[in-house]
Structures are given as C-alpha cells and as structure tokens.
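We did not get these values from a lab; they are worked out from the coordinates using the rules stated. If you're wondering where the values come from, they're calculated on a predicted model, not measured in any experiment. Ideal geometry is used to build each Cβ from the backbone, glycine not excepted, and the neighbour counts take in all protein chains shown.
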C-alpha cells in the first residue's frame with residue numbers, strides 16, 4: 001500500500017469512533033461534540049453513588065484505562081484521553097430484600113472527555129449528557145462546567161473518587 | 001517436555017489462583033474454600049445497590065466474563081466458572097453535593113463461585129465473605145445459602161440483576 005493509502009486507512013480508523021455501527025454519525029453533545037464511547041460498559045469501576053430526591057437515582061462511574069491509571073497514581077490533572085462515563089438509573093425497592101435499593105429504569109449516561117487543548121475554555125473537559133442515547137439540549141450542557149468548576153475545581157473538576 | 005512434565009506445569013497454573021503474590025496460600029472461606037479472585041476489580045459492572053440501616057452501605061457487584069456472558073444471554077442456571085464479587089462500602093454524605101451519598105470505608109468483599117459438582121449441596125454455589133481480605137467465621141458462612149435459597153432460588157440463587 002502506498003503511503004497515501006496507509007494514511008487514508010489510518011484516518012478511517014481514527015474517525016471510526018464518531019460513527020455508530022449502522023454507519024450513521026453518532027449523536028454528539030451540543031457545545032462539546034462529545035459522543036458515547038464504544039465499549040464503555042466494559043470499563044473498570046470507579047465508584048457507585050446514590051442521588052436522593054428529586055433524582056432518586058443509583059449511579060455508577062466507569063473509567064477508561066487512562067482514567068483508571070490516573071486515579072491509581074493519584075496525580076492531577078487527569079491526562080488527555082481520560083474518559084469517564086456515569087450511568088444512572090432510577091432506584092427502586094428490591095422486591096427480594098427489604099433493606100435494599102436496586103437499579104430500575106436507566107435515566108442518563110453522562111460523559112466527560114479530557115482534551116486540554118480542545119476544551120481549554122472548560123478546564124480541559126468536554127461534557128455530554130445523553131438520554132436514550134441522544135444528547136440533551138444546549139441549555140443543560142451549559143450547566144455542566146459551571147457546577148464542576150464551583151464545587152470540585154481542586155480535583156481537576158471531577159466529583160467522583162476511586163472507591164477503595 | 002514429557003507428558004508428565006506438561007501435566008505438572010498445567011497443575012501449577014490451575015493452582016496458582018490459590019496463592020497470593022507473596023506465595024502464601026490465599027485466605028479461603030470456611031465450608032466452601034472460596035478465595036478472593038485475582039483481578040476482580042477490573043471485572044465488568046453487573047449493578048450497584050444501596051443497603052439502608054443497619055448496614056448503610058453502597059455496594060457494587062462485578063462479574064467475570066462467564067458471569068457477564070450468562071447475564072447477557074439471560075439463560076439460567078449460570079454455568080460453572082461463573083464468579084460474582086460484591087464490593088461494599090459504608091455510604092457517606094458527599095462533601096461536595098448535598099443530595100449524594102458516596103462510598104466511604106470499604107466493609108466487605110463477598111464472592112459467589114459456581115461449581116455445580118463441588119457445591120452441589122448449596123445450589124452449585126460456593127460463598128465467601130471477607131473483611132480486610134480475611135474470611136469471616138463459619139457461622140456467618142452458614143447463613144449465605146439459606147438466605148439466597150429462601151429469596152432468589154428461581155434466579156439460580158443470585159440476587160443481583162444486570163443493570164440495563
């Protein structure tokens with residue numbers, strides 16, 4: 001294969017993450033252009049959480065290998081290429097165990113992508129909030145960074161700590 | 001290598017999971033001889049849960065590939081080789097977000113191993129409950145199967161469903 005062909009093939013591979021299996025472009029968040037990463041459901045656990053009313057959710061954050069490696073070393077900021085995905089479900093009473101809340105219907109999938117150049121204006125992070133695989137509107141996405149900046153700027157804008 | 005040598009080498013590999021990195025035998029649960037599996041923290045998410053008082057815990061179940069494959073197909077019983085690990089932490093108030101509970105100190109790691117012959121008397125499951133890496137006593141282990149049998153026998157004795 002000539003060099004030009006190899007570069008073209010490489011470009012296809014790089015761009016593949018932007019397309020769904022059906023060849024359509026993946027739905028991307030407004031402002032940031034963040035998409036739901038392939039294979040995230042196989043990523044390693046960072047931590048679970050519970051949200052009281054009004055959300056009433058159980059949540060779990062998963063991280064790609066770059067994220068997990070950064071958590072393990074404890075060094076901040078997270079490097080470019082870090083991706084965190086938060087899955088959320090309405091919590092429901094376990095029918096088998098009185099004292100337990102378990103996941104009900106899935107609600108949102110939320111994504112943070114670190115790219116210090118592309119997202120320099122928002123602490124190096126791009127945000128995506130998805131319901132049924134589709135990004136929510138621009139107004140909701142405008143709230144992401146403001147809240148992360150106000151509350152957890154000192155932890156490189158990341159709420160979730162690696163569970164021991 | 002002669003056949004005898006190959007068999008011997010294979011036996012070493014099979015037994016390796018019973019030893020910790022320092023060469024000491026891994027702590028095994030009473031009754032069942034279940035140990036904490038290597039690398040479980042990298043396993044795929046099955047689901048989170050919350051336990052109200054008196055436990056006040058956040059929990060997350062992870063599964064090995066055999067477990068996840070079985071969950072995805074939805075066929076019961078789980079095949080031999082299935083391993084489920086439940087991590088648990090005291091839940092604490094998030095210092096950064098009023099409405100959130102997040103993991104505090106780790107409490108127990110609980111393991112279920114499917115071996116339909118070895119554990120035929122307990123539905124094919126062996127159980128292990130560990131605190132700080134050490135198994136709890138035999139009396140506590142006697143309670144595992146009775147509860148699983150009473151409440152979730154129809155789901156092959158497994159409480160946790162795969163979160164959507």
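Estimated from helices alone, the mean residue ellipticity of chain A at 222 nm is -7000 deg cm²/dmol (sum of -39500 (n - 2.57) over DSSP H runs with n ≥ 4, per residue). Taking chain A as a Gaussian network of alpha-carbon nodes connected by springs under 10 Å, the highest mean-square fluctuation of the residues A:67, A:88, A:49 belongs to A:49. A point 7 Å from Cα along Cα→Cβ stands in for residue B:116, and the other copies hold the same point at 5.5 nm, listed in rising order.
Between residue A:92 and residue B:73, what is the FRET efficiency for a Förster distance of 30 Å, r being their Cβ-Cβ separation, to the nearest 0.05?
Values: r = 24 Å, r/R0 = 0.80.
Computed FRET efficiency for residue A:92 and residue B:73 comes out at 0.80.
Pick from A:30, A:135, A:95: which is most flexible by mean-square fluctuation in a GNM of chain A where alpha carbon atoms under 10 Å apart are linked? Top of the fluctuation ranking is A:95.
So what's the gap between the Cα centers of the range A:31-107 and the range B:68-105, to the nearest angstrom? If you average the Cα positions of each part, the centres end up 11 Å apart.
Taking Cα atoms only, the orientation of helix A:3-15 departs from the longest principal axis of chain A by about 10 degrees.
Springs between Cα atoms under 10 Å define the GNM used for chain B, and in it the highest mean-square fluctuation of B:73, B:107, B:82 occurs at B:73. Sorted shortest first, the distances from the residue A:39 label point to those of the same residue in the other copies are 1.5 nm; each point sits 7 Å from Cα along Cα-to-Cβ.
Once the Cα atoms are used to define both axes, helix B:138-152 deviates from the longest principal axis of chain B by about 70 degrees. Can you tell me the FRET efficiency between residue A:134 and residue B:52 if r is taken as the Cβ-Cβ distance and R0 is 35 Å, rounded to the nearest 0.05? Step by step, r from the Cβ atoms, then E = 0.55.
Using a 7 Å projection from Cα along Cα-to-Cβ, the label point at residue B:74 is separated from the same position in the remaining copies by 4.6 nm, smallest value first. Among residues of chain B, the one whose Cβ lies closest to the rotation axis carrying chain B onto chain A, together with that distance rounded to whole Å, is B:48, 2.
Based on Cα contacts under 8 Å between residues 6+ apart, chain A shows a relative contact order of 21 percent. Each residue of chain B gets 160 Å³ once the volume of the Cα convex hull is shared out per residue.
Please give the average number of partner chain Cβ atoms lying within 10 Å of the Cβ of each residue in A:123-135, rounded to a whole number. Walk me through the numbers before you get to the answer.
Details: counts 0, 0, 0, 0, 0, 0, 0, 0, 0, 0, 0, 0, 0.
For peptide A:123-135, the averaged partner shielding equals 0.
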